[in-house]
Amino acid sequence: MKHFFTIALTVTLLFTSCSEEKKPVNLTIAREEVKQYYESGKFDEELNAVIVNAKQKFDKVEFKENSVVIFDVDETALNNYELAEQMGFGYVYTMNKQWNAEMKAPAIPQVKELYDFLLSKNVKIIFITGRNFPEYEVTFKNLKNAGYTVFDTLITQIGDEKKMKALEFKSLKRIWLTEQGYEILGTVGDQWSDLEGENHGIQIKIPNYLYLIED
C-alpha cells in the first residue's frame, strides 16, 4: 500500500508538472502581438525612453577630437519594418536583397535624433553592419538618403569575414578602429552582438522584436 501511494503520488506530480509546463505562443498570435506593439505606438514609447537615457549617458562623458560612436545599420539606423511585414515577420532571402537594393528603408526617427545629438557634440560616427560588401554602395546611399549625411565610414563584411559570428566580427572591427586612433565612446545597436565584446563603450540597446541574432 505504501509503495502504491508513492507511485500514485509520483504519477500525479508528473502529470501536474506537464500540465503546468509553459506552452509556446501560437505563431500567428505572436506575429499579431508584435504587429500591434509596433503599430500601437508602444514601440515608439519604449524607444523614446531609450534615446532619452542615451543622451543623458553621453552628456556625462568627455568628448575628444578622436571620439567616435559606432552605430549598427538594420533596425538601428534604418527601419525595415515594412519589409518584415511583407515577409510575414519571417525571412525571405530574395525579398531582403531586393529591399536593400531598392534602398527603401527610412531612418528610425529616434535613432536619427541621437545621431544628430552626437554630431552636435562633434562626435564622429561610424557604421558597422553585418551586410556583405556587394551591398556596400546601396547601404551607403540608403544611409545618406535617410538623412545620415555625415559619418566617417561604413564597414561591411568582406571575404572570410562573412564566416564570422556577428559578435566576433564587430568586436574585431572595434579593436581595429581603436588601433587606428579612434576612442570609442559607445555603441548603438538592436542586437547584443552589436554591443558586446571588446571596446564597446556606452552600450545603447535599441529594442527589436522582429528577429534575434544569437551569436
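The values are calculated or read from the model by the stated rules, or taken from the named source; none is laboratory data. Everything numeric here is computed off the predicted structure, so don't read it as measured data. Using ideal geometry, Cβ is built from the backbone for each residue, glycine included, and neighbour counts are taken over all protein chains shown. The protein model used for the area step is the full one, side chains on, heavy atoms only, and it has no ligands, DNA or RNA in it. Shrake-Rupley method; radii C 1.70, N 1.55, O 1.52, S 1.80 Å.
Among the residues of the range 61-79, is there at least one that is free of Cβ contacts under 8 Å to residues at least 60 places away in the same chain, more than 15 Å from Ile125 (Cα to Cα), surrounded by 14 or more Cβ atoms within 10 Å (Cβ to Cβ) and not acidic (Asp, Glu)?
yes
Got at least one residue in the range 160-183 being touching a Pro at 6+ places or on another chain (Cβ under 9 Å) and in contact (Cβ under 8 Å) with a residue 24 or more places away in the chain? If you could, list the steps in order and put the result at the bottom.
First, the residues of the range 160-183 that are touching a Pro at 6+ places or on another chain (Cβ under 9 Å): none.
No - not one qualifying residue is present in the range 160-183.
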- Query: Do we find that Val34 is part of a helix (DSSP H, G or I), in contact (Cβ under 8 Å) with a residue 40 or more places away in the chain, touching a Phe, Trp or Tyr at 6+ places or on another chain (Cβ under 9 Å) and open to solvent by 10 Å² or more (accessible area, probe 1.4 Å) in this structure?
  - Reply: yes
- Query: Of (1) modelled with pLDDT under 95; (2) buried (at least 21 other Cβ atoms within 10 Å of the Cβ); (3) acidic (Asp, Glu), Asp194 satisfies all except one. Which?
  - Reply: (1)
- Message: Give all pairs with beta carbons closer than 6 Å in which a residue from the range 100-115 that is under 17 Å from Leu83 (Cβ atoms) and open to solvent by 20 Å² or more (accessible area, probe 1.4 Å) meets a residue that is part of a helix (DSSP H, G or I) and of a type in the set (Val, Ile, Thr); count only pairs at least 6 apart in sequence or on separate chains.
- Response: Ala101/Val138; Met103/Val138
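Based on what the data block shows, is Ala54 crowded, with 20+ Cβ neighbours inside 10 Å and either in contact (Cβ under 8 Å) with a residue 12 or more places away in the chain or not in a helix (DSSP H, G or I) (or both)?
Numbers: crowded, with 20+ Cβ neighbours inside 10 Å: yes; either in contact (Cβ under 8 Å) with a residue 12 or more places away in the chain or not in a helix (DSSP H, G or I) (or both): yes.
It is true that Ala54 is crowded, with 20+ Cβ neighbours inside 10 Å and either in contact (Cβ under 8 Å) with a residue 12 or more places away in the chain or not in a helix (DSSP H, G or I) (or both).
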- Query: What single numbered condition from (1) farther than 30 Å from Gln180 by Cα; (2) at pLDDT 95 or above fails to hold for Arg31?
  - Reply: (2)
- Within the range 168-176, can one find any residue that is open to solvent by 40 Å² or more (accessible area, probe 1.4 Å), farther than 27 Å from Phe43 by Cβ and part of a loop (DSSP other than H, G, I, E, B)? no
- Give the residues of the range 45-77 that are basic (Lys, Arg) and under 17 Å from Asp116 (Cβ atoms), sorted by residue number. Lys55, Lys57
- Item | Some residue of the range 51-66 being farther than 27 Å from Lys173 by Cβ and of a type in the set (A, V, I, L, M, F, W, C) | yes
- Note on the structure: The one condition Lys144 fails out of (1) open to solvent by 60 Å² or more (accessible area, probe 1.4 Å); (2) under 16 Å from the mean Cα position of the chain (by Cα) is (2)
- Message: Among the residues that make up the range 123-137, is at least one of them open to solvent by less than 20 Å² (accessible area, probe 1.4 Å), in contact (Cβ under 8 Å) with a residue 40 or more places away in the chain, of a type in the set (Ser, Thr, Tyr) and closer than 30 Å to Asp59 by Cβ?
- Response: yes
